[in-house]
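Each remark here refers to the structure printed beneath this line.
Values in this text are rule-based calculations from the coordinates and carry no lab data. From a predicted model like this one, the values you see are computed outputs, not experimental measurements. Glycine gets a Cβ as well: all are built from the backbone with ideal geometry, and neighbour counts include every protein chain shown.
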Amino acid sequence: MAVALTGCDSDADKLGQAAPPVSAASATRTTAITTTTVVVQPPEAATVLSARAVVDAITAEGLPVANPRDTTAQLCKDWGCLQLITTDQFSVYQFADAAQASRVANIFPSGYVNGLIFLRFTRDGSHPTDPAMIPRYRAVLDRLSS
């Protein structure tokens with residue numbers, strides 16, 4: 001198998017000519033080329049707590065989280081949220097501002113708001129939230145928000 005490597009020569013580039021090929025002897029000394037990409041996010045973007053992160057943290061605590069699903073596209077238009085993750089036991093709404101989170105929390109008496117996140121607990125239906133679990137769900141959100 002033959003490999004031809006070409007390089008750049010500043011004099012050749014100035015004249016608009018291609019640089020001569022690199023010899024096979026120098027090609028064998030080339031080991032690897034690595035590329036590093038660094039993505040820098042603004043500080044405020046890195047500190048925003050998402051609804052998905054809350055559900056993931058509750059799951060990591062070993063608390064009941066059945067059938068998590070992203071219902072953002074279906075429901076956030078109506079509620080003004082940025083993200084909505086629904087489970088059988090509760091739903092987690094993420095808002096752009098705390099005032100909107102509080103307004104929605106006032107509609108549902110069986111919920112808990114902390115900052116931009118509103119936890120809505122299921123009171124009835126086929127999977128009501130176990131009342132004994134509510135303080136534990138809230139505690140996870142409080143730890144994440146502090």
TODO: Tell me the label-point distance for the pair GLN74, ASP130, using the 7 Å Cα-to-Cβ offset, in nm and rounded to one decimal.
DONE: 2.5 nm
Open item on the list: Run the simple label-point estimate for ALA139 and ALA53 please: 7 Å along Cα→C-beta, distance reported in nm.
Closed with: 2.2 nm
TODO: Would you please report the Å³ per residue occupied by the convex hull of the alpha carbon atoms in region 43-145?
DONE: 98 Å³
